[in-house]
Amino acid sequence: MLKVFTVAEMVAAEKAADASGATSYAQMMETAGKAVADAVIARYPVEGAHVLVLVGPGNNGGDGLVAGRYLAEAGADVAFYLYKARDPQTDENYAKIQAMGLFAVDAGFDQRYRVLHTRLNITDILIDALLGTGVTRPIGGELAKLMQQTANGLAARRAELTAVTHLTTVNRFGSEETPRPGDNQPVTIAVDCPSGLNCDTGALDELALSADLTVTFAGPKRGHFMFPGAAVCGELVAADIAIAPNLPEVAGVAVTVMTREDAREMLPARPLAGHKGTFGTALIAAGSYRYWGAPVLAARAAYRVGAGLVALAVPQAIRATIAGQIPEATYPVVPDRDVFGGESVPVLLATRSSAWLVGPGLDNAEAFMAALLAEKDTLPPLLVDADGLNILASMTNWPERLPPHTVLTPHPGEMSRLMDMPLSELKELDRVEVAREKAQAWGHVVLLKGAYSVVAAPDGRVTLIPFANPALAVGGSGDVLSGVIVGLLAQGMEPYAAACLGAYLHGAAAELYPAASGLLMSELTDWLPKVMASLR
């Protein structure tokens, strides 16, 4: 999986790479700058385009100089605006753009930012190479003025282009469209991080420059996945700059992010000679007379990701109705009519299932959970979600009562109850560190749901899921997610891997939906096989 660095970890990795002799700082800068140019060329028409590179005083500015040089070689009209003067005698990359005769100006010689505004008035592509990962405090002084003037100039350019080119079609529904970046609007490309984003915390300076595309190096940074900063990164691309992954400073980075390649490699095998027993039985104990939909959504999801059989245990009062909605499942005959009680546990243990999901739609099921956990030594891999988590939170020493490496899938509200902490306080904490610390303390896999969900293992591993999609912010989303994971557990995946892959498939399925709202979770289950097929 792709490593996710803190700023300090990235600095240490670059230093180690340079010290090893395998790749120098100069080589990394050349590779990084070329990667930015390549990403731009792959997405936008470059030949004849007007490019403005904002060059900061550090290595980020050096990356920008390299990127601008390659874009000029590709046929772009490139200009460089330097926040601080650079000496061509000591700065090889600055000397190279001078040798090419490319236009460059120091901000100190630009009275009232006239040159900056003149160039912004024609800019198609803005390369933000001012600060990168260097923000640790509020931006002030001359840099603040430069960034404000840049924002003003971009806004004026966009307003002018919109007024000139934006036509509204009135004779068909939904035809009034906002111009897309790259069509007739300038685009902003961030080098490593948008200037103004704290790459450790996701905090965002009020002067931060929002990007359409961010090209980061070696791996993403924590702040790329933490709000509010994550919202200004646009498309995120991680470029390899030849830092060896076996360096201790890289191998020791515990946080990773799932990629499409990771998901492909993790998919359970589907042997041609397989039968339903090959692919396992997922038992889902869910629902009550008040909550009917959750069991159906979870069961459909488990089937859609390949479980051979789903045993859907629901109270008698809703069994007939649910059986009509998902006839593929089997239905253990539990003795409880409206809500689960302790007497149902022996019936469920007799099903000999491969993995269990407990919790969605449970109501007044404290006795059931107590009886279930009394049998923890005989339980197969277990996932607890939703109301099951709320019941756990009310139990003393609940982590010790679960089978080791149980998968817990809380949203922030449920997590606050498990931690016995006000939600307002939890929201102020680093969710990556919260998930990691609690997974280690509790001895279980924690999937902390939300935009860019976090999956943490008891051994300290942490994986970020690279999706933030408001289409998933609807009732039933968590039920589908838990069904996906138990379906993977039933096929023999170990708990941490099942949680990572399940969260990835869940998010990727929603990405296929063309809108930010309106997706029904009963529809989401139907997208799951399409995602898996595309991966295979």
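Annotations for the structure displayed:
- Peptides 424-436, 209-221, 290-302, 345-357 ordered by average Cβ neighbours within 10 Å, highest first: 290-302, 209-221, 345-357, 424-436
- Two-site FRET efficiency, Lys15 against Gln98, from Cβ-Cβ distance with R₀ of 35 Å, rounded to 0.05: 0.75
- Calculated FRET efficiency, Val105 to Asn397, Cβ-Cβ distance, R0 = 56 Å: about 0.25 to the nearest 0.05.
- Mean Cα-pair separation over length for the range 187-250, i.e. relative contact order, pairs under 8 Å, 6 or more apart, %: 33
- Separation of alpha-carbon centers, the range 33-92 and the range 117-155, rounded to whole Å: 15
- The amide H of Ser453, built 1.01 Å from its N in the peptide plane, has Ile465, Phe467 as neighbours under 5 Å, considering only residues 5 or more places off or on other chains.
- Between Ala251 and Thr201, the distance separating the two model label sites (each 7 Å from Cα on the Cα→Cβ line) works out to 3.4 nm.
- Per-residue extension of 0.36 nm, minus the Cα-Cα distance of Asp459 and Thr259, leaves a gain of 69.9 nm for this segment.
- With an a/c value of 1.5 or above and a/b larger than b/c for the gyration tensor axes a ≥ b ≥ c computed over the alpha-carbon atoms, the range 293-332 is described as prolate.
- Built amide H within the under 5 Å cut-off of Leu382, gap 5+: Trp356, Val407
- Extension gain for Ala22 to Ser424 (0.36 nm times residue separation, less C-alpha to C-alpha distance): 140.0 nm.
- Separation of alpha-carbon centers, the range 366-411 and the range 449-503, rounded to whole Å: 18
- Judged by the ratio a/c of the largest to the smallest principal axis of the C-alpha gyration tensor, the range 262-535 counts as rounded, that ratio being less than 1.5.
- Relative contact order %, the chain, counting alpha carbon pairs below 8 Å whose residues are six or more apart: 12
- The simple spin-label model puts a point 7 Å past each Cα toward its Cβ; for Ala317 and Ala468 those points are separated by 4.1 nm.
- Sequence-distant contacts, meaning Cα pairs under 8 Å at least 6 residues apart, place the relative contact order of the range 262-535 at 21 percent.
- Sequence of Thr6, Thr378 once ranked by neighbouring C-beta atoms within 10 Å, starting from the fewest: Thr378, Thr6
- Ordering of 227-235, 103-111 by packing [mean C-beta count within 10 Å, highest first]: 227-235, 103-111
- Each label was represented as a point 7 Å from its Cα along the Cα-to-Cβ direction; for Arg352 and Phe227 these points are 4.7 nm apart.
- Burial ranking of peptide ranges 311-321, 444-454, 131-141 (average Cβ count within 10 Å, highest at the top): 444-454, 311-321, 131-141
The numbers here are math on the coordinates, done by the rules we state, and not lab data. Predicted, not measured: the structure shown is a model, and the values here were computed from it. Positions of Cβ are generated from backbone atoms using ideal geometry, with glycine treated the same way; all protein chains shown enter the neighbour counts.
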